[in-house]
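These notes concern the structure reproduced below.
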Amino acid sequence: MQEDLVKLCSDELAHSKFKQLYGEKPSEKIPARKWELERLAFFLAWDIAIRVTKQRVEEEIKNFFDTVYTEEVYTNSKGEKFISTRYIKELRV
């Protein structure tokens, strides 16, 4: 299960950040085991952070669309919403 979690995380930034923080896997048994546990904890935390951030951003965008003037929101045939460019700066903040 531990290796599956790490393999599922295809985020190259996560892998490079882990390598930067913890380096390569040591060859000795005890430090290698500690490295593996740190690796699992890191990728669990990374996965949770990504999910929470995504949920928060989606909620903020939904709240933004609920409060913006309806004349400034355009909906295409797929149901996707678009806004006037004057709101782009506010969303970026």
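Points to keep in mind about this one:
- Gain upon complete extension [Asp11, Ile48; 0.36 nm per residue less C-alpha separation]: 12.0 nm
- Karplus-derived HN-Hα couplings along the stretch 16-23 (A = 6.51, B = -1.76, C = 1.60, θ = phi - 60°), whole Hz, x at Gly and Pro: 5, 5, 4, 5, 5, 6, 10, x
- Label-to-label distance, nm, for residues given as Glu36 and Glu60 (7 Å Cα→Cβ offset): 3.9 nm
- All-pairs alpha carbon distance profile, the stretch 2-68, 10 Å steps from 0, percent: 18, 40, 20, 13, 6, 2
Any read-out appearing in this document is the output of simple, stated calculations on the displayed coordinates, not a laboratory observation. A quick note: this is a predicted structure, and the numbers were derived from the prediction, not measured. Positions of Cβ are generated from backbone atoms using ideal geometry, with glycine treated the same way; all protein chains shown enter the neighbour counts.
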